[in-house]
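Written below as structure tokens is the structure these notes are about.
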Amino acid sequence: MSIHKDQEIFVPSVIESLAFAYIKPWDEAFDPYIICYENRIVGFFYLSYTPDSTDNYWIGGFQIDKKYQGKGYGILALLEILKFISETHTHCKVVSLTVEKNNEPARRLYEKVGFINQNKENQSGEIIYKLGLEPKYY
């Protein structure tokens, strides 16, 4: 699982994300996941959240392996992640994520799926995006 060198500044490595899962720096729960398609690993993400909350669910570390980028896997994976969250965390009504300001491809992807720029930044200067979950879309 690897991404292009110029993308490494935008997302933590899988190893860093697994370390976060161990120390849980932000929330009560921090679950890492691989993204598979036809028995191949095509990506990775983690979900950081407060169990049973309605609005503290954060997708992080989302990345698609460089071999599969530009082939539609990103949007398919993101839609499946949202479906998974809505089915697994039934209390969840809002999913959030952050994006580096100059990561235009990621911003376009998230906006295409329906995430809305909150015009706010986190403490690291990343832009906060949110999406309300509506079961009818899944």
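A short reminder: the numbers here are calculations on the coordinates, not readings from a lab. Since the model is a prediction, treat every value here as computed from it, not as a measurement. In this analysis, Cβ positions are derived from the backbone assuming ideal geometry, glycine residues included, and neighbour counts consider all displayed protein chains.
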How far apart, in nm, are the 7 Å Cα→Cβ label points at T54 and D27?
-> 1.6
Mean projected area in nm² (Cα convex hull; one quarter of hull surface) for the stretch 1-77 = 5.7
Towards the positive end of the charge dipole of the chain, with charges on Cβ (+1 Lys, Arg; -1 Asp, Glu), say which of A19, V95, F30 has the farthest Cα.
-> V95
Hey, got the Cα dimensions of the chain along the principal axes, in Å, largest first?
-> 36, 35, 30
Among the GluC sites (Glu not before Pro) in the stretch 21-102, which ones are in a DSSP loop with at most 10 other Cβ atoms within 10 Å of the Cβ? Mind listing them?
-> E38
For labels at R40 and D65 in the simple 7 Å Cα→Cβ model, what's the distance in nm?
-> 0.7
With a 27 Å threshold on alpha-carbon distance, the violating pairs from K83/K130; K24/K130; K71/K93; K71/K112 are K71/K93
Theoretical gain in end-to-end length, T88 to S13 [0.36 nm per residue, Cα-Cα removed] | 24.5 nm
